[in-house]
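Down below is the structure, laid out as structure tokens.
Please treat every number below as a calculation from the coordinates, not as lab data. Keep in mind that what you see is a predicted model, and the values were worked out from it rather than measured. Counting neighbours? That spans all protein chains shown, and the Cβs are built from the backbone with ideal geometry, glycine included.
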């Protein structure tokens, strides 16, 4: 079963994301702080899919993404950053750090599933 680590400081986003990912066949771990993300990775390794909030208390996301990419040295895991708007500056920083793409909040179930499918399929083809 593929795994997903999801970080957001908004409980409703975690709840919706977890439900949609569980329906898609993922084993989901949700965390509410960036420190919990780092601890989870250190303890359990990286999940197959990581969804990280780029809003709210999400300072340090770029550094975390770079750290994961440096640690694993490749395209895995698939890393998506969830944002509220498409401000080009932050989006480019996340992409340069190594994020595969973005998810727009609030989630639309079909759009959420489609975005996950596109990025996971792309990663499979690149491997």
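Multiply the residue gap between residue 109 and residue 27 by 0.36 nm, knock off their C-alpha separation, and tell me the result in nm, one decimal place.
27.8 nm
Largest GNM mean-square fluctuation among 103, 20, 49, using the chain with Cα springs under 10 Å: 20. In terms of the mean number of neighbouring beta-carbon atoms within 10 Å, the peptides 38-45, 2-9 order highest first as 2-9, 38-45.
Our note on the geometry: Cα centres of region 59-127 and region 13-31, 16 Å apart.
Calculated mean residue ellipticity at 222 nm for the chain: -16000 deg cm²/dmol, from DSSP H runs with n ≥ 4 weighted as -39500 (n - 2.57), summed, divided by the residue count and rounded to 500. The relative contact order of region 3-126 comes to 24 percent, based on Cα pairs under 8 Å that sit 6 or more residues apart. With an a/c value under 1.5 for the gyration tensor axes a ≥ b ≥ c computed over the alpha-carbon atoms, the chain is described as rounded.
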